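Right, one structure below, let's go through it.
The values are calculated or read from the model by the stated rules, or taken from the named source; none is laboratory data. These figures come from a predicted structure and were not determined experimentally. Note: ideal-geometry Cβ built from the backbone for every residue, glycine included; neighbour counts use all protein chains shown. The accessibility values were calculated without ligands, DNA or RNA, using every heavy atom of the protein model including side chains. Shrake-Rupley method; radii C 1.70, N 1.55, O 1.52, S 1.80 Å.
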Amino acid sequence: MAPVLEVKGLSMEFGGLLALDAIDLCIDPGEIVALIGPNGAGKTTFFNCVTGIYRPTAGDIFICGSGGEPERINSLKPNQITAKGLARTFQNVRLFPNMTALENVMVARHCRTKAGIIGAVLKTRHAQAEERESVRFAYRLLKRFQLEGQVNTLAKELAYGEQRRLEIARALATEPFLLLLDEPAAGMNPKETEELDSLIKGLRDETGIAILLIEHDMKLVMSISERIYVVDYGEMIAQGRPSEVAANEKVIKAYLGESFDA
């Protein structure tokens, strides 16, 4: 079976600064993989290249959905990549603050609906049916993330941990086969992080979705990841199982001797 994501020789240069240097990375269907490294190592730049926010200087990015053929996506726009089955969250929460939790999730359904602007304006029967289904779909996701009691709460009024969960729910509303999480545990307390651990594992087990996450919480990384890639100064310095990465001297040095004991 083809990988859901295969990156070959990915490089990204900003005005002479090489942020990514010939990065190779591969994710198989249903796999949970972590991308780690010190601050400024190039992790978010990698996410931005994969999701179309940046166009890489060199290299190839291939995706392959269920039953499909590998497709190169280097030249696609972010909305086109989302429609093909990739979704992401951001290091800093990027919800629509003055929209309700339900509306935030419903917005993400636009890439899976067909009524269009004219149908919405004219309120055709098809458009109304799609809207009702979007409401049901969004509510089911909110319930899965224990947010059903906050359906009509504005996003800005939610607790921080709830905002984090809502952002993941919104990403899942696009029905991706690959979910990219950029520091999902940032700012969470230990209890919230433990709940996130169970949530991510549960999502993969229930849906079969592949997950790639950037994370600094090494306890979370070691607990949920099947494989780990490590970047430092834009270069891939290690990859392997959690136990292998934790014992790698280059990784320990990159983290200034930080312990990886989980």
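For every residue, the table says whether it meets (1) without any contact (Cβ under 8 Å) to a residue 40 or more places away in the chain; (2) farther than 20 Å from CYS26 by Cα.
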| position | (1), (2) |
| --- | --- |
| PHE46 | no, no |
| SER66 | no, no |
| GLU71 | yes, no |
| MET106 | no, yes |
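When LEU212, LEU181 are checked against the criterion of being outside any loop (DSSP other than H, G, I, E, B), among the hydrophobic types (A, V, I, L, M, F, W, C), closer than 27 Å to LYS253 by Cβ and in contact with a Ser or Thr (Cβ under 6 Å, 6 or more places away or on another chain), LEU181 stands alone in meeting it. Of all the residues in the stretch 15-29, those that are closer than 28 Å to VAL93 by Cβ and modelled with pLDDT of 95 or more number 5.
Could you tell me whether any residue of the stretch 37-53 is open to solvent by 70 Å² or more (accessible area, probe 1.4 Å) and within 16 Å of the chain's Cα centre (by Cα)? So far as the stretch 37-53 goes, yes, one or more of its residues are open to solvent by 70 Å² or more (accessible area, probe 1.4 Å) and within 16 Å of the chain's Cα centre (by Cα). Here PRO38 passes the criteria (1) at pLDDT 95 or above; (2) within 30 Å of LYS250 (Cβ to Cβ) except the one numbered (1). Residues that are modelled with pLDDT under 80 and charged (D, E, K, R) number at least 3 in none of the helices (runs of 4 or more DSSP H) confined to the stretch 62-140.
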